[in-house]
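Here is the structure we will look at.
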Amino acid sequence: MIANQHENGWEIIYHRAHALLAAQIAGNWHKKDRPQRIIETVAAISHHDDLEREWEGNHLTPAGTPLDFTLATKTGDIKNLKEFTNNARYRGRWVAMLISMHMSFLNEGKRGESPELDSFLSEQLENQAKWRKELKITKKEAEQAYAFFQWCDRLSLILCKREIPAGERALEIGTGPDGDRYDIKQERDGSIRVIPWPFEDKQLTVNVEACYLNQVKFENNAELTEALQQAPIKVLEWTLVK
């Protein structure tokens, strides 16, 4: 989950909601510069966090506060990772390839932690090569598609984590599929700009739903889950302008 502290408790954004915001961003990319197989790419983006289930397992810190995903250091259960990547195949090889590349990105740095993880990571690289061959695309083309995936994911996280700097300072989003650097900046009038502008329209509004908890600490995960189910929901909107 994405957990932002506010004056009365916590603002919680589910990972699946963040992924849907990333898909909204992807769907607005300039038509002439969109990666190939855009619909399948957007599908991969919208489902890339389906492994996250905030209503199951542990989502509390040792202090009893909601566990923001940035504080979670443990590698996910290998069985669940395998099931997730295998299930992506049922949406098609393109989706499966991008999801697999995302699993590699998130977990390659942990290679060596266990034989099971190493086997999983090696299997992903083998599958990616196999799918590239079957789809008749080059490794560079696959990397460009994943760069687009990752860029949309990153911008969504910046918005959900409320990371846009104050004082008209620019923040790097990352490198797009074209290899260029993109920044985000909030102007004095409150407008939000992406530089250079990558979208089809000169202005677009994207949104995500957030839950609000008027409680700082929780005794256990059951209490947190119940509070989230009863929490008021607010739609957060951002208008990006050229």
Which FRET efficiency value, to the nearest 0.05, is calculated for GLU219 and ASN4 with the Förster distance at 22 angstrom and r the Cβ-Cβ distance? 0.50
Using a 1.4 Å probe on the protein heavy atoms, what percent of the accessible area of the range 77-232 belongs to carbon and sulfur? 45
Can you work out the PRE-style zone for ASP180? Point 7 Å along Cα to Cβ, and I want the residues of the range 217-242 with backbone N under 17 Å. 241-242
Do any GluC sites (Glu not before Pro) in the range 120-205 lie in a loop, going by DSSP, with at most 16 other beta-carbon atoms within 10 Å of their beta carbon, and if so which? GLU163, GLU168, GLU187, GLU200
State, in angstrom, two size descriptors of the chain derived from its alpha carbons: Rg to one decimal place and Dmax to the nearest whole number. 18.7, 54
Pairwise label distance in nanometres, GLU83 with GLU141, each label 7 Å out on the Cα-Cβ vector: 3.4
Any idea what the dipole of the chain comes to, in debye rounded to 20, about its Cα centre with Lys/Arg Cβ at +1 and Asp/Glu Cβ at -1? 960
For GLY174, the residues 5 or more places away or on another chain with a placed amide H closer than 5 Å to its own amide H are TYR182
³J(HN,Hα) across the range 185-197 via Karplus (A = 6.51, B = -1.76, C = 1.60, θ = phi - 60°), whole Hz, x for Gly/Pro? 8, 9, 7, 4, 7, x, 5, 10, 10, 10, 10, x, 6
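The values are calculated or read from the model by the stated rules, or taken from the named source; none is laboratory data. Computed from a predicted structure; not experimentally measured. Here the Cβ is made from the backbone with ideal geometry for all residues, glycine too, and neighbour counts use every protein chain on show. Accessible surface areas use protein heavy atoms only, side chains included; no ligands, DNA or RNA. Shrake-Rupley method; radii C 1.70, N 1.55, O 1.52, S 1.80 Å.
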